Amino acid sequence: MSIDALKNSLPDYAKDLKLNLSSLASETLLTEQQRAGAFIACALASRERGTTSAIMSEFAPRLSAEALAAARAAASIMAMNNIYYRFTHLASAPDYKTLPARLRMNVIGKPGVDKVDFELWCLAVSAINGCGVCIDSHEKILRDAGLTAEQIQAAVRIAAVVHGVAATLDGEAHSADIAANAVAA
């Protein structure tokens, strides 16, 4: 499935998502690797098969094998870290914040691509997963590395649109299942 097929699979009421998907696919504030990796990491984080398939088909060929593995690793490691660090932030007891995580996170230190690109992908996934601690941490690293607010926003806009597409398609699939079950009953 291509990006065009993905857009065509969206219902008419999601026209804004279609338009945003088109414009972000050619976003110029990010490098090709940053943009493609953000799309892939966010699609994986959004967990919807059709969205992931279309985005992988469109953007995986634009990345080296190392960059593709790093984008996948960003989605994977943040799936774990966003839960853990969101818990430490939201828990009322202050001692959780001082305990060592005791979780392996080696890929963050050696992602196999430019550290800035990996951090950008981690930030985008953290936006999807709603972890403020991780958003703050990755955003600071990116700003310290020289990325602009507009570049960071571009990655988060990709996260927002990819997640919106995935949520819409997932909702449509559930609606179809409910309708089919009602007819069968």
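Points worth noting:
- Between Lys15 and Phe87, the FRET efficiency from the beta-carbon distance, with R0 = 45 Å, is close to 0.75.
- Computed from Cα atoms alone, the Kirkwood hydrodynamic radius reported for region 1-92 is 14.3 Å.
- A simple rule links phi to the HN-Hα coupling: the Karplus curve 6.51 cos²θ - 1.76 cosθ + 1.60 with θ = phi - 60°, which for region 19-29 gives 5, 5, 4, 4, 5, 6, 5, 10, 3, 9, 6 Hz, with x for Gly and Pro.
- Between the Cα long axis of helix 49-59 and the first principal axis of the chain there is an angle of about 70°, rounded to the nearest 10.
Bear in mind these aren't lab numbers, they're just calculated from the coordinates by the rules spelled out. The structure displayed is predicted, hence computed values, not measured ones. Cβ coordinates were reconstructed from backbone atoms using ideal geometry, including for glycine residues, and neighbour counts include every protein chain displayed.
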